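For reference, the structure is listed below as structure tokens.
The values are calculated or read from the model by the stated rules, or taken from the named source; none is laboratory data. Predicted model, so just to flag it, every value in this text is computed and none were measured. Glycine also receives a Cβ, built like all others from the backbone with ideal geometry; neighbour counts cover every protein chain displayed.
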Amino acid sequence: MNKSKFYLIIASFLFLTFSCKEENKETEVIVNTEEQIEEHSKKLNAWFESQFQEEVADSPMMQTYLGIKTEDYAKWDNISSKKEVEDLEKAKNRLKYLKDSVDVSILNKETLLSYKLMKMDLEKTIEDFQYRFYNYPVNQLHGMQAEIPAFLINMHRIEDKSDAEAYISRLSEMDELFTQLIDNIKIREKNGIIPPKFVFAKVLNDSRNLITGKPFDASNEESTLLSDFKGKIEKLELSEEEKDSLITTVEKALLDNVKPAYVELVTMLEDQQQRATVDDGAWKFPKGKAFYENALKRTTTTNMTAEEIHQLGLDEVARIHKEMKDIMTQLKYEGTLQDFFKFMKEDERFYYSNDEEGRAGYLKRAIGLIDNMKSRLDELFITKPKADIVVKAVEPFREKSAGKAFYQQGTPDGSRPGTYYANLYDMEAMPKYQMEALAYHEGIPGHHMQISIAQELEDIPKFRKFGGYQAYVEGWGLYNEFLPKEIGLYNDPYSDFGRLAMELWRACRLVVDTGIHAKKWTREEGIKYYTDNTPNAESDAIKMVERHIVMPGQATAYKIGMNKILELREKARLKLGNELFDIKEFHDVILTNGAVPLTVLEDLVNEWVVLKSKSTELDESS
């Protein structure tokens with residue numbers, strides 16, 4: 001073996017840091033031993049754990065998301081503005097500890113990465129405090145008026161009588177929670193942050209739906225929350241008397257606490273609605289331009305400007321249109337791309353019927369797609385999740401305003417599986433030719449694999465297991481719409497067109513998001529751009545534009561993240577060559593570090609390429 005190469009390899013694996021100081025004109029070399037490095041790293045990881053547990057202890061809702069049951073199972077989070085100030089001080093103290101008490105030269109490689117990520121996150125939290133009111137706590141996508149009942153339905157498990165009593169306690173405290181919510185909305189209005197006019201009709205509809213049915217009125221149907229509660233306690237081994245007593249108590253909480261909470265919220269929103277305008281973009285906020293540019297940096301984890309993102313979107317739309325035309329040629333379709341879009345929108349063969357039979361058919365096929373992809377994972381991945389996944393339709397109470405599809409992560413212990421939600425409210429917005437791409441994105445190998453694997457990692461701190469960077473998370477999801485094509489899926493040209501249609505949708509997002517928030521496009525201009533350039537239903541376009549409006553910058557994460565993953569993959573393939581490049585190993589690098597910023601992801605991939613190259617050189621010289 002070539003000794004110089006041998007020592008080079010050894011040096012790359014040893015985490016020895018040399019600090020030099022001049023004393024009596026001689027240089028003393030201090031070598032940190034492996035024991036010192038491991039001891040210091042262990043101490044910092046213990047601190048990471050203590051800070052994470054502090055966050056969990058401070059959030060009853062996070063505990064429930066994680067499947068943890070304590071005395072807080074009956075409580076809600078504190079969402080007051082005062083709590084935000086307290087959280088800021090906490091972030092400052094944590095950052096001070098990292099800067100003053102941690103010697104980064106005595107950390108192993110993995111812990112050093114954790115240190116950098118924590119420090120970066122804290123610095124951004126502190127910097128972004130100035131924009132803490134630049135959102136809409138009540139909106140049609142992630143507003144508390146719908147998310148709180150969804151939390152009770154999907155997260156609050158009832159496995160015994162005490163869990164049922166905790167559910168009732170949460171209902172009993174909902175009026176206090178909504179008082180904080182209303183205060184937050186009023187504070188935002190004082191700071192010039194009011195949702196645009198279209199938001200109000202949707203959130204008012206959601207709110208009124210939640211206090212409709214028994215026990216709120218004399219109708220024959222039960223209200224959403226009463227139905228959920230009764231369905232859960234029915235499975236418990238309790239006497240009929242105990243069940244009846246619980247139902248009587250829950251009805252009282254619904255009438256005495258839940259109804260007043262929603263009535264107060266509705267009253268306040270009806271009042272604020274009168275002052276709302278049709279100005280949709282973040283440019284209308286105080287310091288709106290600076291806020292939006294910052295939002296883009298946080299979402300994409302890059303320094304791309306709004307103008308650069310807008311142009312990238314236009315370029316990608318043009319490229320994908322060309323690939324779509326190639327499929328039209330393959331199908332021998334004569335006409336323009338817009339003609340083909342119209343054909344795909346209107347031909348009944350591409351849609352399930354808009355009834356219960358059609359919805360059941362959609363769910364059955366979606367489950368089949370997930371199951372088939374599970375059987376192919378060994379072709380692409382080394383590490384696979386232990387957690388299971390289920391497919392569900394979005395619940396009726398929120399399906400009218402919810403997005404097209406989304407993923408809800410399961411618990412780390414597997415007691416609650418991950419869930420791929422498909423919104424089947426309007427079957428014309430859920431064409432068959434997009435089913436594969438949706439299932440691969442939201443389910444397997446997309447969000448379910450990435451999020452579940454991160455939660456199951458054993459050698460990283462919990463703040464990394466449960467943290468997230470949207471460009472990484474959504475970039476991975478979109479990348480996995482494309483990836484199955486490389487193992488022979490999408491063999492139906494219409495389905496492959498659907499894949500391209502989904503990617504096109506994300507490219508249009510770059511154009512429309514920046515159009516609305518940086519170029520002052522109207523809601524109607526954004527909708528027209530989608531309907532002119534994609535085959536999606538107009539209802540899709542409306543929902544998407546309204547999503548852009550209430551979540552500035554968020555939708556840019558997908559395409560920028562996907563492009564970066566593909567770019568890193570191609571660079572690695574070129575440097576290693578086809579013989580050395582292993583797609584499974586590449587995916588392991590992407591998945592086994594948890595979510596990271598795209599800049600950090602690039603460093604990790606580059607490091608893998610270097611180590612793999614050196615390892616090969618070592619083998620060849622042996």
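If MET61 satisfies every condition in (1) touching a residue at least 40 places away in the same chain (Cβ under 8 Å); (2) among the aliphatic types (A, V, I, L, M); (3) over 30 Å from MET268 (Cα atoms) but one, which is the exception?
Answer for MET61: the failing condition is (3).
Has the stretch 170-179 got any residue that is crowded, with 17+ Cβ neighbours inside 10 Å and under 30 Å from PHE291 (Cα atoms)?
Yes: the stretch 170-179 contains one or more residues that are crowded, with 17+ Cβ neighbours inside 10 Å and under 30 Å from PHE291 (Cα atoms).
Find the residue count for the stretch 348-378, including only residues that are surrounded by fewer than 16 Cβ atoms within 10 Å (Cβ to Cβ) and either touching an Asp or Glu at 6+ places or on another chain (Cβ under 9 Å) or not assigned by TED's automatic domain parsing to the domain that holds LYS485 (or both).
Residues meeting the conditions: 1.
Show the residue pairs that are 6+ apart or on different chains and have beta-carbon atoms under 7 Å apart, the first residue being within the stretch 260-285 and more than 30 Å from PHE216 (Cβ to Cβ), the second being among the polar types (S, T, N, Q) and at pLDDT 95 or above.
ASP280/THR522
This table checks each residue for (1) among the hydrophobic types (A, V, I, L, M, F, W, C); (2) farther than 24 Å from GLY213 by Cβ; (3) touching a residue at least 60 places away in the same chain (Cβ under 8 Å).
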site	(1), (2), (3)
PHE397	yes, no, yes
GLY403	no, yes, yes
PHE406	yes, yes, no
TYR421	no, no, no
TYR433	no, yes, yes
HIS441	no, yes, yes
ILE444	yes, yes, yes
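Quick one: which residue in ALA393, ALA439 is of a type in the set (A, V, I, L, M) and closer than 27 Å to VAL203 by Cβ?
Only one candidate passes the filter, namely ALA393.
Cβ-Cβ below 6 Å, separation at least six or inter-chain, first residue in the stretch 480-495 and assigned by TED's automatic domain parsing to the domain that holds ILE370 and small (Gly, Ala, Ser), second part of a helix (DSSP H, G or I) and surrounded by 15 or more Cβ atoms within 10 Å (Cβ to Cβ): which pairs?
Cβ pairs passing all conditions: SER495/TYR433; SER495/GLU436.
Looking at LYS462 and the list (1) in contact (Cβ under 8 Å) with a residue 60 or more places away in the chain; (2) closer than 21 Å to GLY368 by Cβ; (3) among the charged types (D, E, K, R), which single condition is not satisfied?
Failing condition for LYS462: (2).
Can you name the residue in the stretch 258-294 that is charged (D, E, K, R) and outside any helix (DSSP H, G or I) and is also surrounded by the fewest Cβ atoms within 10 Å (Cβ to Cβ) among such residues?
By that ranking, first place goes to ARG275.
From the list TYR407, TYR425, TYR421, pick out the single residue that is under 30 Å from LEU225 (Cα atoms), among the aromatic types (Phe, Trp, Tyr) and over 18 Å from the mean Cα position of the chain (by Cα).
Only one candidate passes the filter, namely TYR425.
With a cut-off of at least 2 residues that are surrounded by fewer than 21 Cβ atoms within 10 Å (Cβ to Cβ) and outside the structural domain of TYR479 (by TED's automatic domain parsing), name the helices (runs of 4 or more DSSP H) lying wholly within the stretch 535-622.
557-580, 583-591, 598-621
What is the residue count in the stretch 214-238 for residues that are among the small types (Gly, Ala, Ser) and over 21 Å from SER169 (Cα atoms)?
So the count comes out to 2.
Could you say whether any residue in the stretch 225-248 is within 30 Å of PHE291 (Cα to Cα) and part of a helix (DSSP H, G or I)?
No, the conditions are met nowhere in the stretch 225-248.
What are the pairs with Cβ atoms under 6 angstrom where one residue, in the stretch 81-93, is more than 20 Å from LYS186 (Cα to Cα) and in the same structural domain as GLU54 (by TED's automatic domain parsing) and the other, located anywhere, is modelled with pLDDT of 95 or more and in a helix (DSSP H, G or I)? Sequence gap at least six, or different chains.
LEU88/PHE129; ALA91/LEU122; ALA91/THR125; ALA91/ILE126
Is it the case that the stretch 126-137 has a residue that's out of contact with any strand residue (DSSP E or B) (no Cβ under 7 Å at 6 or more places or on another chain), exposed (fewer than 15 other Cβ atoms within 10 Å of the Cβ) and within 23 Å of THR224 (Cβ to Cβ)?
no
Mind telling me which of the residues ASP163, ASP217, ASP228 ends up being of a type in the set (D, E, K, R) and touching a helix residue (DSSP H, G or I) at 6+ places or on another chain (Cβ under 6 Å)?
Being of a type in the set (D, E, K, R) and touching a helix residue (DSSP H, G or I) at 6+ places or on another chain (Cβ under 6 Å) holds for just one of ASP163, ASP217, ASP228, which is ASP228.
Taking LYS21 as meeting all but one of (1) surrounded by fewer than 14 Cβ atoms within 10 Å (Cβ to Cβ); (2) at pLDDT below 95; (3) closer than 30 Å to ARG157 by Cβ, write down the number of the exception.
Here LYS21 meets the rest and fails (3).
In the list ASN220, ASN294, ASN209, which residue meets the criterion of being under 28 Å from the mean Cα position of the chain (by Cα), on the phi < 0 side of the Ramachandran plot and modelled with pLDDT under 95?
ASN209
Going through ILE153, ILE168, ILE158 one at a time, which residue ends up being over 27 Å from the mean Cα position of the chain (by Cα), assigned by TED's automatic domain parsing to the domain that holds GLN274 and under 20 Å from ILE233 (Cα atoms)?
The unique qualifying residue is ILE168.
For ILE193, only one of the following conditions fails: (1) among the hydrophobic types (A, V, I, L, M, F, W, C); (2) over 17 Å from THR267 (Cβ atoms); (3) in contact with a helix residue (DSSP H, G or I) (Cβ under 7 Å, 6 or more places away or on another chain). What is its number?
The single condition ILE193 does not satisfy is (3).
Suppose we filter TYR420, TYR490, TYR440, TYR472 for residues that are assigned to a helix (DSSP H, G or I) and within 30 Å of LEU331 (Cβ to Cβ); which single one remains?
Exactly one residue qualifies, and that residue is TYR440.
Out of (1) assigned to a helix (DSSP H, G or I); (2) crowded, with 20+ Cβ neighbours inside 10 Å, what's the single condition that is false for PRO195?
(1)
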